[in-house]
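Student: A single structure is presented below for examination.
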Amino acid sequence: MEERYIACIDPGTSKIALTVAKVDRDDIQVLYYKETPSDGIRYSCIFNPGRAAGPIGKAIKDAEEELKIKILQVVVGLPRYEVHQEKAPGSLERTDPGSCISQEEVDTLKELAMEAYPLADQTTEKVFGAVAQSFSTDDLIRMPERDIVGAISSSLEGNFTIFIGRKSDVNNLEMVFQKLGIAIAETFFVPDVTADAVLTREEMDNGVALIDLGAGASSVTIFQNGIMRHYGSIPFGAGNITSDIRFECAFTEQLAENIKLGFGACLPEKLQSLSDKTLQISDPDDGTSQNLSVKYLSEIITARQKEIFEAMLFEIGRSGYSTRLRSGIVLTGGGAQLVNCGNLLKSMSGYNVRIAYPQHRHFNAAQCPEIMDTSATASVGMLLRAAKLPYLNCVESPEGEVELENPAQETAPGQPYDGTVFEDHDKTVESEKKPKKPTRRTGKVTFGRSLMQKLGDVVGNLYDGMQ
């Protein structure tokens, strides 16, 4: 099978992102990307499968109708919050000590380490995956995976970082797709695969912290010498900024979100003359209006953003790699769209900071420019990782031919495959220059008639021509 289709779902706190792509060997063509408001999800974890199934089912149905396909199975991102990490050693006595160590033996050792790890409570915890930190043989000590394959030794030892999450979160995720009659082909730990979409090989080798600002949870993943070394998350994100605006100004949630996207910015002292401007928020129902200064809006946003960044910087310090991040910090996720967000983090940390967008050198997105947004990096990461699995085909093709070739695991609709995939980053492609962002949700502080049209009847004309 040459041509196949991949369908990825990123279940987030504020939105369900569904991506469909056609894969023909090394050619990846994104056919569809759409974000749908989510329900029943908090901190990226599904807490109410009954409510979550509705938006996810609608997202799948919309994609099927637009593309004239049938989605039979999907690739899904695992929860990012309430995940902790533990160290786990493993050893393997080789049957043929005179032969070269194979990649299959390394993968077997990783699986053994995951299976043998003693969970504190098997009824509530589940191993999400493992990342190899180093390997040792009779003559070699603490070698990376790419250097140990091909060596000769009678034994093989490995040190792994095991990532452990809540079993109930995975059960709820599976229950949603069982309810929809769709199989889970693969599950990925999103912070790991997001690196495929936004980081360069040089950044991961030299040391980098990848901060993903989601709506309900923010996370930091640290790479050094090309290996994922540390992970941490907090239950705060861009959704909390929206809530702060909502409660402070007595707005509806949707209005607060629209104002944040249209006028939100950090560092009010950096806005120059824009900080003196005033918005007039009109209520078309009762004819009342309310004034909101851009400076005050920025102060609300900056206060919460500082809190999130302080927690991320604490996690970086706790990792033990804070002095080894030669490539600084890479910032991505939907929350990274706020104006001056990167400048705020740079002033707080002293690191070089760049905002990361999906690297379009990895795929063709001419039909879906929306996927080049910071909020889509997790979806792109899952797509790139899933495309490496030659047996995976999620979709009944437009021609009507069903090809589900999965020798590793045969999965029927309604019977999810409980798998995890953690791979190395040896094949990561170098980044290009930052692509041009789509006009949708630019997040820049702009004032004009077109933006007011986006906000609709809720946000009225600017007060007296912006005074």
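The values are calculated or read from the model by the stated rules, or taken from the named source; none is laboratory data. Every value quoted in this text rests on a predicted model; they were computed, and no experiment measured them. Virtual Cβ from ideal backbone geometry, glycine too; neighbours counted across all protein chains shown. Areas reflect the complete protein model, heavy atoms only, side chains present, ligands, DNA and RNA absent. Shrake-Rupley method; radii C 1.70, N 1.55, O 1.52, S 1.80 Å.
Student: With 18 Å as the limit, write out which pairs from K22/K70; K260/K346; K61/K388; K270/K346; K260/K295 have Cα-Cα distances beyond it, or answer none.
Tutor: K260/K346; K61/K388
Student: Something else now. For every other residue with a beta carbon closer than 9 angstrom to the beta carbon of F236, add +1 if it is Lys or Arg and -1 if Asp or Glu, then tell me the sum.
Tutor: The answer is 0.
Student: Out of the total accessible area of region 42-190 (probe 1.4 Å, heavy atoms of protein only), what percent is carbon and sulfur?
Tutor: 49 percent
Student: In vacuum, with every alpha carbon of region 1-149 counted as one equal point scatterer, what does the Debye formula give for log10 I(q)/I(0) at q = 0.11, 0.21 Å⁻¹? Two decimals, please.
Tutor: Treating every Cα as an identical point scatterer, log10 I(q)/I(0) equals -0.68, -1.17.
Student: Could you grab the Rg to Rh ratio for region 74-183? Cα atoms only, Kirkwood for Rh.
Tutor: Dividing the radius of gyration by the Kirkwood radius yields 1.09.
Student: Hey, another quick one. Assuming R0 = 51 Å, what is the FRET efficiency of A250 and L140, from their Cβ-Cβ distance, to the nearest 0.05?
Tutor: Plugging the Cβ-Cβ distance into 1/(1 + (r/R0)^6) gives 0.20.
Student: Moving to a separate point now. Can you divide the C-alpha Rg of region 139-223 by 2.2 N^0.38 Å and report the result to two decimal places?
Tutor: 1.50
Student: Still on this structure, I have one more. Based on the Kirkwood radius over alpha-carbon pairs, what value in µm²/s does the Stokes-Einstein equation return for the translational diffusion coefficient of region 287-332 at 4 °C and 1.567 mPa s?
Tutor: 97 µm²/s
Student: Right, another one. Percent relative contact order of region 229-348, based on C-alpha pairs within less than 8 angstrom and at least six residues apart?
Tutor: Normalised by residue count, the contact order of region 229-348 is 30 percent.
Student: Related question: Compute the FRET efficiency between Y296 and N352 as 1/(1 + (r/R0)^6), taking r as their Cβ-Cβ distance and R0 = 41 Å, and round to the nearest 0.05.
Tutor: Rounded to the nearest 0.05, the efficiency is 0.85.
Student: Another question, then. With all pairs of different alpha carbon atoms counted, what Kirkwood hydrodynamic radius in Å does region 224-380 show?
Tutor: 17.5 Å
Student: Could you work out what % of the accessible surface of region 224-382 is carbon and sulfur, using a 1.4 angstrom probe and leaving DNA, RNA and ligands out of the count?
Tutor: Answer for region 224-382 is 45 percent, counting heavy atoms of protein chains only.
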